[in-house]
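Working notes for the structure below.
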Amino acid sequence: IINIDWYGDRIVEPYVDNSFPEGLRKIQEYNLKNIFFFHPSSKNIIEIINNSDAIGLFSRYEGLSNSICEAMACAKTVICTDVSDNYLFIRKKELLCNPLDYTSITLSLKYLLKLSPMELQKIGEENRILANKLFSKNIIINEYLEIIEK
């Protein structure tokens, strides 16, 4: 069973575009209202991430997402679309899907759902190690200093 919790401030009008109302229509049409749960944005990010089995980001246009970095730092499995640099961070390519191909997204979700708790934990631990290598404060500061000193 899957529960999808979505957080953001675009769950009430005015909407940025028609994607949210269209998504709600599809949820109703396919009787998925017991799977999708919408919440306003929250400052309790670490608590939300830690209470999740995995973090997903299904976007067509995304730079380096804070949610991916935060999930990795919290040792969570990440499933996301192959946009921007996401392919550099997602080591299990089965968890990386094409944002324009519903079959690809379906296959990635099915792969995620078949992972055991131990496999989710292992992927999460690998993500945390990678996040510490790439996103730690000291590494970021040192990289900026190298750029400035050139």
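Quick notes
- Between Asp17, Asp53, Asp82, the Gaussian network model of the chain with springs among Cα atoms under 10 angstrom shows the greatest mean-square fluctuation at Asp17.
- Residue separation of Asn50 and Lys137 scaled by 0.36 nm, minus their Cα-Cα distance, works out to 29.2 nm of gained length.
- Backbone N within segment 32-57 under 17 Å of label point (7 Å from Trp6 Cα along the Cβ vector): 32-42, 55-57
- Choice from Ile105, Ile68, Ile27 showing the highest fluctuation, given a GNM over the chain with Cα pairs closer than 10 Å: Ile27
- Magnitude of the charge dipole for the chain, about its Cα centre and with charges confined to Cβ atoms of Lys, Arg (+1) and Asp, Glu (-1), is about 340 debye.
- With respect to the chain, whose longest principal axis is taken over its alpha-carbon atoms, helix 19-29 is tilted by about 50°.
- Where labels lie 7 Å past Cα in the beta-carbon direction, separation of Ser116 and Ile129 in nm: 1.9
- Theoretical FRET efficiency, 1/(1+(r/R0)^6), r = Cβ-Cβ of Lys26 and Cys69, R0 35 Å, to 0.05: 0.75
- Once all protein chains are placed together, Cys80 keeps about 0 Å² accessible to a 1.4 angstrom probe.
- Here the accessible area is traced with a 1.4 Å probe on the protein chains. For segment 1-106, carbon and sulfur cover 52 percent of it.
- This structure gives Kirkwood radius over Cα pairs in Å, computed directly, and of (1) 17.8; (2) 16.9; (3) 15.9 that value is listed as (2).
The values are calculated or read from the model by the stated rules, or taken from the named source; none is laboratory data. Computed from a prediction, not measured in an experiment: that's the story for all the values here. Here the Cβ is made from the backbone with ideal geometry for all residues, glycine too, and neighbour counts use every protein chain on show. Ligands, DNA and RNA are stripped out before the accessible areas are found, and what is left, the full protein with its side chains, is counted by its heavy atoms. Shrake-Rupley method; radii C 1.70, N 1.55, O 1.52, S 1.80 Å.
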